[in-house]
Amino acid sequence: DWNKTFMLKKFDQPLFERLDLSAFVLPENETGAVLVEKQQEVKADNVEKFEEITIQDFAKVKLLVGTIMSCDPVKGSDKLYKLQVDLGAYGVRQIFSGVAKHFIPEQLVGKQGTVVANLPPRKMMGSESQGMMLFANNEDGSLRLLTVGEVVSNGSVVS
């Protein structure tokens, strides 16, 4: 049997206390466990300033997701790799990337990354580079390929 009579009551106070997370950061330790630490205040004079751009400037940049199909050292260079990157409907692009001191080819082949696709072609070491793969520069100087959270179709637009 269902009791069809009920009453709604408005509470004077919230049912649950809202936790302010802005004062915390969640870094990972060596084992991958997340630690909670009080965020240190950063003085305004220690904050790096960047040249500002408009949203119209940013809208001009075409960022696409692509899979690195091959990665070959470039003869005559100790830092360049020649990548063949599949951008789906946008075709396969040859992209030169100065990351040879940070990766071996096997670490990059088959990985999806983010490509700046609308840069004009540029001659490098006698061949044409048709875009730029994006990498994040870590505090320790190591690089990480800029990827998306999950596998998506090649040529997906980053927006």
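The values are calculated or read from the model by the stated rules, or taken from the named source; none is laboratory data. Keep in mind that what you see is a predicted model, and the values were worked out from it rather than measured. Glycine gets a Cβ as well: all are built from the backbone with ideal geometry, and neighbour counts include every protein chain shown. With ligands, DNA and RNA removed, areas are computed over all heavy atoms of the protein, side chains included. Shrake-Rupley method; radii C 1.70, N 1.55, O 1.52, S 1.80 Å.
What to note about this one:
- Taking every protein chain into account, the 1.4 Å probe leaves residue 147 with about 80 Å² of accessible area, to the nearest ten.
- Table column - 3J(HN,Hα) (Hz), region 66-72, Karplus curve with 6.51, -1.76, 1.60, x for Gly and Pro: x, 9, 6, 8, 8, 9, 10
- 13 Å tail of the calculated P(r), region 75-140, as % of Cα pairs: 65 percent
- Per residue, the accessible area of region 51-144 comes to 62 Å², computed with a 1.4 Å probe over protein heavy atoms only.
- Accessible heavy-atom area order of 18, 144, 93, highest first, probe of 1.4 Å: 18, 144, 93
- Residue 99 long-range amide H proximity, modeled H, under 5 Å: 81
- Under Karplus coefficients 6.51, -1.76 and 1.60, residue-wise ³J(HN,Hα) of region 85-93 in Hz, glycine/proline x: 10, 7, 9, x, 5, 8, x, 9, 10
- Spatial separation of Cα centroids for region 138-159 and region 56-101, in angstrom: 12 Å
- Entries in 60/101; 82/123; 49/79; 49/82; 62/123; 75/123 that, when Cα-Cα distance is taken, lie over 22 Å: 60/101; 49/79; 49/82
- Accessible area ranking (1.4 Å probe, heavy atoms, ligands and nucleic acids excluded), largest first, for 82, 123: 123, 82.
- Near residue 124, the amide H atoms lying under 5 Å from its own belong to 129; only residues 5 or more places off or on other chains count, and H is placed 1.01 Å from N.
- Computed magnitude of the charge dipole of region 59-159 (debye, nearest 20; Cβ of K, R +1, Cβ of D, E -1): 360 debye
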